[in-house]
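Take a look at the structure set out below.
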Amino acid sequence: MKAAETLFSTRGFLETKISDIATQVGVSDSTVYEHFKNKEDILFSIPREKTQQLIEINKQHLKGLVGAEVKLRKLIWNYIDFLVMNESYTSLLLFELRSNRDFYETENHELIRLFTREYSNIIVEGQKEGYFSTRFRPSIVLHMIFGTIDLILITWLVERRPKDPLELFDGLFDLFCHAIRVRETEAGTKGKKERILHAATQVFSRVGFQKARIQDIAGLAGVGDATIYQYFSNKEEILFALPVANTLELLSIQEEHLNGFKDTDLKLNVLLKDYLDFLDSHKEYSSICLFDLRYNKNFYNKEAYHLFRRFARVFYNVIEEGIRKGHFRQTLNPYLATKLIFGITDHIILSWIKFGRPKRLALVSNTVCGLVLKALQP
């Protein structure tokens with residue numbers, strides 16, 4: 001792979017032969033075929049090692065950092081620095097892989113999607129903090145970031161301008177932040193409503209909906225009681241507003257993360273893990289969902305419930321697709337399978353919130369996925 005990376009980046013993929021790679025390594029052509037199906041298989045395998053390195057670098061460098069902008073700055077710096085330090089790989093990535101349609105169908109490209117998910121999560125974090133604008137979906141922001149970096153690095157590789165792309169970093173990051181930061185004109189009244197909902201999440205999860213008081217929410221949000229009534233007619237309306245933004249976010253995550261997946265087992269695995277990851281990072285909301293919404297009759301004729309049904313329907317549709325494709329049992333009832341998925345997650349959340357078992361939902365996500373898939377598969 002190392003020899004192939006060098007040859008592909010200097011000669012080009014089309015001009016490089018298997019025999020060239022074998023000669024460079026000092027082995028026979030047949031030895032190459034013991035490890036790879038063909039030349040394209042070698043090409044598509046190279047990003048896996050590099051992307052895993054980047055994921056590990058980011059994991060280490062994000063430790064102890066606070067604030068979405070600080071984290072995003074570090075991630076973008078790491079990415080550019082890594083590509084500058086690995087010039088042959090960067091050339092390969094931009095000139096041989098980006099333009100190869102088949103690459104986007106491979107498992108190796110899925111690892112790149114996993115790598116970019118960390119960026120997406122931090123953008124969402126900044127939006128929740130009220131620091132990044134919610135006007136733009138994380139996927140669009142990522143297109144801006146990675147697309148701009150691509151063009152800067154292409155010019156660097158072809159024209160050697162600038163000598164070091166990191167010279168441009170401060171100006172580049174300022175440009176990105178200027179695009180996604182919340183301006184004072186955007187913050188206005190919307191900021192107050194978001195503060196009220198954020199405060200309500202904390203109060204409801206701490207004392208429960210029944211015991212919570214409007215004045216407690218107002219005090220935590222830093223507004224007067226009267227200000228709350230400008231946005232919500234009563235305490236119940238605040239409660240039923242909470243799932244709307246969260247479910248819309250979950251729907252957005254579903255749409256982004258399912259794009260390009262064809263295998264229904266993998267789709268369902270991604271859906272379930274994304275759901276558990278979301279609840280894991282929104283423990284207060286998870287508590288409200290379980291104790292104040294799930295068993296509240298009034299919830300089931302509200303907008304939030306219809307949104308949640310849309311979210312659950314995605315699971316149902318994937319299960320139906322899996323049955324059609326023969327990935328799941330033909331006798332399987334998609335309705336019951338969907339109930340099983342949300343039933344197991346509800347009860348795990350109950351144990352997690354009330355008894356601290358497990359310590360984090362992420363610790364059991366693989367087991368839960370395995371159990372659910374075993375119930376569905378032939």
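Brief remarks follow.
- Taking K59, K354, K325 as the candidate residues, the one with maximal mean-square fluctuation in a Gaussian network model of the chain, Cα springs under 10 Å, is K354.
- Across region 20-31, coupling constants 3J(HN,Hα) worked out from phi with the 6.51/-1.76/1.60 Karplus curve, θ = phi - 60°, read 5, 5, 4, 4, 4, 7, x, 10, 7, 4, 4, 5 Hz, and Gly and Pro carry x.
- Over region 229-333 - Rg/Rh using Cα atoms and the Kirkwood inverse-distance radius: 1.05
- In straight-distance terms, cross-link reach from K2 covers every one of the lysines whose alpha-carbon lies under 27 Å from its own, apart from those fewer than eight places away in the same chain; here that gives K17, K37, K39, K50, K59, K163.
- Order of C177, C369 - criterion: other Cβ atoms within 10 Å of each residue's Cβ, fewest first: C177, C369
- Here the residues W77, W156, ranked from fewest to most Cβ neighbours within 10 Å of their Cβ, fall in the order W77, W156.
- Once the Cβ-Cβ distance of I344 and I55 is raised to the sixth power relative to R0 = 35 Å, the FRET efficiency obtained is 0.75.
- Mean shadow area of region 45-182, taken as a quarter of the surface of its Cα convex hull (nm²): 8.2
- Burial ordering of R183, R195, R101, R213, fewest other beta-carbon atoms within 10 Å first: R101, R183, R213, R195
- Among A226, A68, A179: highest mean-square fluctuation, GNM of the chain, C-alpha pairs under 10 Å: A226
- In the chain, the longest principal axis of the Cα atoms and the axis of helix 169-180 are about 40 degrees apart.
- Once both labels are positioned 7 Å from their Cα atoms along Cα-to-Cβ, the gap between Y300 and E159 label points is 6.5 nm.
- For region 187-232, the Cα gyration tensor yields ellipsoid semi-axes of 18, 11, 8 Å (square root of five times each eigenvalue, largest first, whole Å).
- For the pair region 336-350 and region 129-189, the centres of their Cα atoms are 40 angstrom apart.
- The lysine pair tally for region 243-376, using Cα distances under 25 Å and a gap of 8 or more places or different chains, is 28.
- Rule-of-thumb Rg ratio for the chain [Cα; 2.2 N^0.38 Å; N residues]: 1.17
- Under the criterion of Cα pairs below 8 Å and six or more residues apart, the relative contact order for the chain equals 11 percent.
Just so you know, all these numbers are worked out from the coordinates, no wet-lab data involved. None of these values were measured; they are calculated from a predicted model. As a convention, Cβ positions derive from the backbone with ideal geometry for all residues, glycine included, and neighbour counts pool all protein chains shown.
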